[in-house]
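All remarks here apply to the structure that follows.
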Amino acid sequence: MHQTLYRSVVFFILLIPFYSIAQNTSKITGKVTDTENNPIKGAHVKIVETNIATSTNKNGSFELAIDFDKNFTLKVSHVSFQDYELPIRLKKSENKTLNIKLKLKEQEISEVTVETDKIIRDKNISIDKKHLKQIPVSSSGAVEQIIKTLPGVSSNNELSSQYSVRGGNFDENLVYINEIEIYRPNLIRSGQQEGLSVINPDLVSSVQFSSGGFDAKYGDKLSSVLDIKYKTPTEFEASAELSLMGASTHFANASKNGKLSYMAGLRYKTNRYLLNSLDTKGEYEPNYTDFQALVNYKFNSAFSMHIWTSFSQNKYNFEPENRSTSFGTISDALNLDIYFDGNEKDEFNSNIQAVTFKYHPNSNSFIRLIGSRYESIEEEKYDIMGQYYLSDLFVSQGGSQSESVENLGIGTFIDHARNKLDQEVYNMDIKGDHSFNDLFLQWGVGIKKEDITNQINEWQYQDSAGYSVPVSDSEVLLAYNRNANNKINSKHYKSFVQTTQILETTKGELQLTGGLRYHYWDYNSKGYFSPRGSIHYIPIWENKVKFKLSAGLYQQIPSYREMLMIDGNISPNVNIQKAIHYVLGQEYYFKAWNRPFKFSSELYYKDLLSVTPYDIENVRIRYYGDQKAEGYTTGLDLRINGEFVPGTESWASLSIMKTEENIKGDEKSFIPRPTDQRFNFSMFFQDYLPNNPSYKMHLALFYAGKLPVWTPKRGKNGGNFRMPNYRRIDLGFSKVLVDKKSINKGLLRHFKSMWIGLEVFNVLDINNTVSYLWINDISGNQYAIPNYLTGRKLNVKLSAKF
C-alpha cells in the first residue's frame, strides 16, 4: 500500500500525463441500429471494466481499441433504447466488426435528462455514486464531502457541508435535485447547527458538478453547479446504516407491471460525539432528522408523473460551561479562560413538495412540467454570558502551560438573539429537449415567487474591567446591535434557450454550444440577459484528448441575505452581482501501469464586474448590502484520477487561485476577498489488501491555504491578517462481511451486502482554526482568539443492503 501511495503522489506532482505508453491493442468496429435498421446516433458504447468509451456518429458507427487476451463486457446504451451487453475477448491485433440492434424502451424514461450524445453529459465532472458510501464523512453530507476533493473547491470546516468554488462564497453555488433548485438556510452561523444536507446519498443515481463556465440551461449564480439525480427503482432494494453519529435507512420497490415505483429514506444524526472535542465544553444536544419519499407513476410509454417530498428538522440546544484556549507563540504564549452562564436553543425546519410531469412523444423530444414548493421556518434564540480571563503564560520562561505571569484582561460579555425567519418559495417551470440530427436544442421558461419575513434582534455587550467598548448609538453601550423587521415579496420570471451543434471532420469532432438566459425581477423592475457559449474539440488521436473553451456572463439576482446591510436592514440600492467567466481546459485519457487514467486542467479568469462585499464568520456570511465592488478571480485547476490501485478509482486535485476586489468609494485599491485562498490540495485515495480485497482503506486529505481575516466592527477599513493553513486527514477502514461472492446461511442469506467500518477523523489531531473570538484587555487592545474545529475522533459504522 505504501509503495502504491508513493507512486501516486510522485505521479501527480510531476504532472507527466502527456505521453502514451505503446501497447499492442485490438480493435472493435461496428454499427448500431434500431429494429428497422435505422442508424442510432449518440448511443454510448463502453467497455464496462475500463474507462474506454465512445459514442456512435450520425451513421450509427463506432470504433474502440481494447487490450487483447482479456475478458471484457461491451455495453451499448441510449436513453430511448434498451441496454445491450456482449461479452468479448479478442486476440492480439484482431479486428472485430459488430452489427448491434437496439430495441426501443417500453419502460419509464430514464431519470437523467435526455441528451443525444455522451459527450454532452461529460461537460461536467461525473462522480460515481459508490464513492458516497466510501469516503469518511464528518460533515452533514457525503455528496458535499466528495465535492470538496474536486479542483477549484475548498472548505475549511469539516462540520459544514458548505463549500467555496473558485473564490466564490457559499451563496454562489447552484444545487439541483431532479431539476429542482435547493436553498440554504439563512440563519445558520456555524457548522454545529447545520444538521443534515438535503441530499440523501442512499437515493442518489448520478452526481455531476461544474466549477465554472457552465451552460445557460443552469441558473443565475456566479460560481458552480451541483446537479443531482435521484434513482427510479425497478426492483426491491433496501439498506440500513448505524454509527456512533446516527442512523439511516431506505427502501424502494416497483410494481410488477413497472408502472408504479416508489422510494423513501429516513436519516437521523447527532454531532454530540464530535462536538465534545471542541474547546468550549458544555451540554451539546444536536438532533437532526430527515425524511424523503419519491413516487413515480407511468401512465403509458410516453407520459409519467413523479412526486417528491422532503421534511427536515434540525434542533440545536447548547448550554456552555467553560472554555480554555491556548494560543500565540512560544515567546508570546497566551491563554483564555471563559466561564459561561445561559443557553442557546435553535430550530431549523424545512420541507419541499414537488411534482414533475414528463412527456416523451418520440425518441427525439422530451418535455417536463415541474412544480415545487419550499418552506423554511428558522428560529435562533440564545442568551449567553461569559466571564473571561486573558492571561500571559509562563511557557517562555520555562514554566508549564497552566502557569501564568499576569492577567491581561478580565471582563464580561453577553450575547443575545431572538431571530426568526419564515420563507416560502414557489417554482413552476416547463423545459424541453429536442434532437434534430446533429443539432441538440434545449429550452425552458419558468416563474418563481418568494415570500420572506424576518425579525432580527441580536446584540452583544462587552465590558473589560468596568470599561464598556465600543460605544454604539443606542442607549445601552453595545459592541454591536442588529434590529430589523424585514419583509420581501417578489416574483422572478426566467427563461433560457440553448443549442449544441456537433460537427464531424476528418480531424475530429467539434461541438459548438450557445445559449441565452433571461431573468426579470419585479422587485426592481429590471431584466437581465446572460449569453453563454462553449467549444469542445475531440481530435482523432491515438490517445483520447478533449479541448474546451467556454465563456459567458453570469448575473446573480440577490437572495434575501445578499440584500442586507451590516445592521440587518434591507439596502435601498440592491446590487446585482455580475461576472464574466473565461475557461480554457483539456482532458487527456491515457494508460499507466496498464490501467486507465485521466488528467484534466483548467485555466480560468473571472472578471467580477459588480460584486457585494461581505465578511465570513464560521459559515455565516454578512453582506455590506449598501456597498459595491469590482474585482477578479484567476487560477489554475489540475486533477488526475484513475486506478492507482487496480480496480479502484482515486484522484488528487491541486488549485492555485487569487481573488481581489476594489470597493467603490473606500479610497483603497484592490484588497483580498474573504475567500482568497492561494492554493488548495485534496486527495481521495483507495486501497485494499492484495491477498484479501475485503479489507479496504479510504483516505481523504485536505491541505488549504490561509484565508484573510478582517478586524470586526470596522469593515474593510480595519487591519487584516491570515488564519493558519487548513490541514486534515480522514481515514476509513472497512471489512466486507457479505457480498455477491459469499456463501451465506441463516440470517445472512437475506443480505445482498454488509460491511463494517472504522473511521478516524482528523488523524493527526491538528487544531484547525475556523474563526476568531475578539477580546479586549484593560488597555483596549484587541486579541483574536482562535475558534478551533474538532480534534481526533473515531467512528464505527455498520452498513447493510437487502
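The values are calculated or read from the model by the stated rules, or taken from the named source; none is laboratory data. None of these values were measured; they are calculated from a predicted model. Note that each Cβ is placed from the backbone with ideal geometry, even for glycine, and that neighbours are counted across all protein chains shown.
Below, the figures for the structure above:
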{"read-out": "Of residues in segment 274-318 being of a type in the set (A, V, I, L, M) and in a strand (DSSP E or B), the one surrounded by the most Cβ atoms within 10 Å (Cβ to Cβ)", "value": "Leu294"}
{"read-out": "Filtered residues of segment 536-559 (kept if touching a Gly at 6+ places or on another chain (Cβ under 7 Å) and of a type in the set (Gly, Ala, Ser))", "value": "Ser550, Ala551, Gly552"}
{"read-out": "Qualifying residue in segment 87-94 (condition: of a type in the set (Gly, Ala, Ser), over 32 Å from the mean Cα position of the chain (by Cα) and more than 21 Å from Glu504 (Cα to Cα))", "value": "yes"}
{"read-out": "Strands (runs of 3 or more DSSP E) (entirely within segment 658-752) containing at least 3 residues that are under 25 Å from Val796 (Cβ atoms)", "value": "679-689, 692-704, 726-738"}
{"read-out": "Boolean, Asp202 is charged (D, E, K, R), assigned to a helix (DSSP H, G or I) and touching a strand residue (DSSP E or B) at 6+ places or on another chain (Cβ under 9 Å)", "value": "yes"}
{"read-out": "Options Gly212, Gly265, Gly191: the member that is crowded, with 20+ Cβ neighbours inside 10 Å, assigned by TED's automatic domain parsing to the domain that holds Ser771, touching a Gly at 6+ places or on another chain (Cβ under 9 Å) and in contact (Cβ under 8 Å) with a residue 24 or more places away in the chain", "value": "Gly212"}
{"read-out": "Gly342 at pLDDT below 90 and either small (Gly, Ala, Ser) or surrounded by 15 or more Cβ atoms within 10 Å (Cβ to Cβ) (or both)", "value": "no"}
{"read-out": "Cross-chain or 6+ apart pairs with Cβ under 6 Å, segment 660-679 first and over 17 Å from Gln577 (Cβ atoms), then part of a loop (DSSP other than H, G, I, E, B)", "value": "Gln677/Gly705; Gln677/Leu707; Arg678/Gly705; Phe679/Gly705"}
{"read-out": "Selected residue (criterion: surrounded by the fewest Cβ atoms within 10 Å (Cβ to Cβ)) from residues of segment 580-609 that are modelled with pLDDT under 95 and more than 21 Å from Phe547 (Cβ to Cβ)", "value": "Asn594"}
{"read-out": "Single match in Gly585, Gly568 (criterion: under 26 Å from Ile616 (Cα atoms), of a type in the set (Gly, Ala, Ser) and out of contact with any Pro (no Cβ under 9 Å at 6 or more places or on another chain))", "value": "Gly568"}
{"read-out": "Criterion: under 17 Å from Gly213 (Cα atoms) and not assigned by TED's automatic domain parsing to the domain that holds Phe62 - qualifying residue of Tyr528, Tyr520, Tyr537", "value": "Tyr537"}
{"read-out": "Residue match in segment 483-491 (condition: closer than 30 Å to Ser26 by Cβ, free of Cβ contacts under 8 Å to residues at least 40 places away in the same chain and basic (Lys, Arg))", "value": "no"}
